[in-house]
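The values are calculated or read from the model by the stated rules, or taken from the named source; none is laboratory data. This structure is a prediction, so every number in the text was calculated from the model and none was measured. Cβ placement follows ideal geometry from the backbone for every residue including glycine, while neighbour counts extend to all protein chains displayed. Accessible surface is based on the protein model in full, side chains and every heavy atom, while ligands, DNA and RNA are left aside. Shrake-Rupley method; radii C 1.70, N 1.55, O 1.52, S 1.80 Å.
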Amino acid sequence: FPAVVNPHGHWAKGRLHREEDVPPGPPPPAPPAAGRADLVALAVSLARRGFVVFAYDAVGYNDTDRVSHRFAGTPEAWLWGISLLGLQLWNSLRAVDYLESLPYVDRGRIGATGASGGASQTFLLAAVDERVRASVPVNMVSAHMQGGCLCENGPALRVGTDNVEIAALTAPRPQLLVSATGDWSKDTPAVEGPAVKRVYDLYREGERTAVRQFHYGHNYNRESRAAMYAWLRRWLGDGKGDEAGEIELPADLDVAVMRVWNDAHPRPADDLDDAGLLRALRSERERRLSDLLPRGDARSMKRFRETALPALRLALGVSADAAGGGSGARRNEPRGALVVHVRGDERAAGDAARLRATLESLEYGGGVRVLALPPIDASPEALWKDYFTTYNRAPLGDRVQEIVDALAALGRAGSRRVELVGVGAAGPWALLARGVAPADLAPGGTVADLDRFPWDDDRAYLARLYAPCLRAAGGLRTAALLAAPNPLCLHNAASGLPRADADAVTSGYRAYRSAPPPRVEPARLAPDEIAAWLTK
């Protein structure tokens with residue numbers, strides 16, 4: 001049999017929601033303020049049409065209410081890449097696994113449908129899982145309203161993109177967009193639908209997407225369901241779907257039989273609440289990071305770089321498309337230097353000026369640039385408001401991108417080695433920039449003032465180096481490892497560099513037999529000491 005996963009939206013009773021439909025007849029001149037939805041009738045009617053249906057709870061509803069619908073609703077959780085949206089999408093992936101495990105389900109004919117928040121889950125699932133062969137997201141795909149709940153907003157989800165592009169990732173698999181005249185999907189026939197169809201046309205499969213709109217408020221009512229039945233029957237079922245003929249019979253089903261936990265099947269005693277699940281997911285991420293660390297050999301370092309580099313770039317929102325001219329630079333070729341400090345820090349500015357003068361008096365000629373960057377004045381709480389970092393790169397990523405761009409500009413000036421020095425509070429920014437920069441972009445040494453930053457303290461990242469998913473990507477430790485095999489000097493570390501992290505960085509450098517071991521100093525180095533190290 002074909003099968004359908006059916007996530008639900010924010011109806012009070014979730015997948016068990018039953019509400020009388022708007023009576024049939026001519027539509028009113030203005031759409032009702034709210035439409036109707038009978039999610040039990042939806043599942044029963046699909047079953048009557050030959051589909052296996054798995055209607056499953058959103059987090060916080062019915063049998064999945066041990067964890068709340070506000071799970072992971074903090075900047076600290078997002079720092080580790082833990083989010084309610086991510087948890088629900090994981091559950092949706094596992095729902096497809098479950099359907100595939102049933103011996104009477106045709107694995108090549110699995111679809112998905114849901115409305116509102118359930119539509120968000122539908123098009124996200126279809127975007128990331130090609131096992132979903134046809135989908136119907138209802139009243140959600142919009143260019144101007146992306147979803148107002150925590151379950152629809154994840155860290156960095158829409159930086160440089162939006163729900164329309166995410167929905168278009170389903171192409172060329174069949175996808176019907178259902179919209180309403182009385183909610184934010186009112187423009188779908190004229191705006192979002194044609195935009196999605198242009199992507200399908202690239203595959204010459206334009207007939208595999210369509211838009212149906214109904215004159216109601218936000219809903220998954222009888223007319224919307226009829227359009228969905230016809231679409232899924234056409235692409236996954238018997239091929240005989242006819243929207244006009246999709247009559248929905250009464251669904252007399254006691255919702256009590258749709259519950260999981262009852263006296264005969266009690267809830268497991270060891271299930272986790274919000275706090276317990278957060279701890280478990282963080283521990284899992286820490287274990288994965290530990291397992292990924294290089295072991296001093298080239299193979300493990302290659303594996304680490306292939307996984308960690310895109311993760312760190314994604315966490316910071318940094319583009320590494322710029323090509324530098326430093327590939328293949330040798331020790332005897334011209335050198336340049338980029339010295340970075342935070343604007344307004346008089347001590348750091350003075351150190352940067354002295355370092356520039358010292359380097360220019362040596363072999364650096366005029367290839368020394370000082371970059372003064374503004375301080376980060378946005379707190380994680382401010383960045384949390386209105387899910388700012390769902391749509392925008394964090395200010396930390398802006399600073400790192402500026403440094404990467406400056407490295408690229410210096411590196412284009414010929415086959416030049418470019419040293420990177422971060423002074424004061426800009427030291428960690430410089431280290432992150434060296435880590436995410438392309439390997440052939442201005443190779444050279446890196447000197448980073450760690451500014452006594454405690455590498456393994458979430459509170460420090462929240463206060464000074466906040467970007468969603470940065471801890472999940474390994475933070476400063478990953479950046480230091482990705483700096484290899486270029487010379488690396490970390491100073492002003494004090495107690496901020498745990499022994500385990502120092503050993504991990506050293507082990508990574510050991511994979512490059514000719515690379516000098518990283519230098520780590522607890523004290524702050526003076527400009528002349530930095531210059532002496534760079535000119536070795």
Notebook entry, point to check: Does any residue in region 441-461 that is touching a residue at least 60 places away in the same chain (Cβ under 8 Å) and under 16 Å from Pro516 (Cβ atoms) come within less than 7 Å, Cβ to Cβ, of a residue that is crowded, with 22+ Cβ neighbours inside 10 Å and among the basic types (Lys, Arg) six or more places away or on a different chain, and which pairs are these?
Noted result: Pro443/Arg417; Gly444/Arg417
Check: Do you know which residues across region 453-472 are closer than 19 Å to Gly422 by Cβ and either part of a loop (DSSP other than H, G, I, E, B) or under 15 Å from the mean Cα position of the chain (by Cα) (or both)?
Finding: Phe453, Pro454, Trp455, Leu465, Tyr466, Ala467, Leu470
Check: Within region 321-332, is there a residue that is modelled with pLDDT of 90 or more and open to solvent by less than 80 Å² (accessible area, probe 1.4 Å)?
Finding: no
Check: Quick check, is Ala484 within 22 Å of Ile403 (Cβ to Cβ) and among the small types (Gly, Ala, Ser)?
Finding: yes
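Right, Ala448: in a helix (DSSP H, G or I), more than 19 Å from Ala156 (Cα to Cα) and open to solvent by less than 10 Å² (accessible area, probe 1.4 Å) or not?
So Ala448 fails the test.
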Next item on the list: Give the residues of region 180-197 that are more than 15 Å from Met145 (Cα to Cα), of a type outside the set (Val, Ile, Thr) and in contact with a helix residue (DSSP H, G or I) (Cβ under 8 Å, 6 or more places away or on another chain), sorted by residue number.
Entry: Ala195, Lys197
Notebook entry, point to check: What do you reckon, is Val339 at pLDDT 90 or above, open to solvent by less than 60 Å² (accessible area, probe 1.4 Å), out of contact with any Lys or Arg (no Cβ under 7 Å at 6 or more places or on another chain) and of a type in the set (A, V, I, L, M)?
Noted result: no
Check: Filter region 89-112 for residues that are open to solvent by less than 10 Å² (accessible area, probe 1.4 Å) and part of a helix (DSSP H, G or I); which is nearest to Phe1 (Cα to Cα)?
Finding: Leu99
Notebook entry, point to check: What pairs can you find where one residue is in region 523-536 and over 16 Å from Arg347 (Cβ atoms), the other is open to solvent by 40 Å² or more (accessible area, probe 1.4 Å) and hydroxyl-bearing (Ser, Thr, Tyr), and their Cβ atoms are less than 7 Å apart, with a gap of 6+ or different chains?
Noted result: Ala531/Thr358
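To keep it simple, each residue is scored yes or no on (1) among the small types (Gly, Ala, Ser); (2) at pLDDT below 90; (3) more than 13 Å from Val318 (Cβ to Cβ).
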site: Leu371; (1), (2), (3): no, no, yes
site: Pro380; (1), (2), (3): no, no, yes
site: Leu383; (1), (2), (3): no, no, yes
site: Thr390; (1), (2), (3): no, no, yes
site: Arg393; (1), (2), (3): no, no, no
site: Ala408; (1), (2), (3): yes, yes, no
site: Arg417; (1), (2), (3): no, yes, yes
Margin query: I'm checking my understanding of the structure. Among residues of region 153-182 that are closer than 12 Å to Tyr391 by Cβ and open to solvent by less than 20 Å² (accessible area, probe 1.4 Å), which one is farthest from the chain's Cα centre (by Cα)?
Written below: Asn163
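So that you can scan it fast, the table gives a plain yes or no per residue for (1) outside any helix (DSSP H, G or I); (2) under 19 Å from Ala480 (Cα atoms); (3) open to solvent by less than 10 Å² (accessible area, probe 1.4 Å); (4) among the charged types (D, E, K, R):
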{"position": "Ala349", "(1), (2), (3), (4)": "no, no, no, no"}
{"position": "Leu371", "(1), (2), (3), (4)": "yes, no, no, no"}
{"position": "Asp377", "(1), (2), (3), (4)": "yes, no, no, yes"}
{"position": "Thr390", "(1), (2), (3), (4)": "no, no, yes, no"}
{"position": "Leu410", "(1), (2), (3), (4)": "no, no, no, no"}
{"position": "Ala439", "(1), (2), (3), (4)": "yes, yes, no, no"}
Note to self: Against the conditions (1) in contact with a helix residue (DSSP H, G or I) (Cβ under 6 Å, 6 or more places away or on another chain); (2) loosely packed, with under 14 Cβ neighbours inside 10 Å; (3) among the aromatic types (Phe, Trp, Tyr), where does Phe304 fall short? Just the number, please.
What the structure shows: (2)
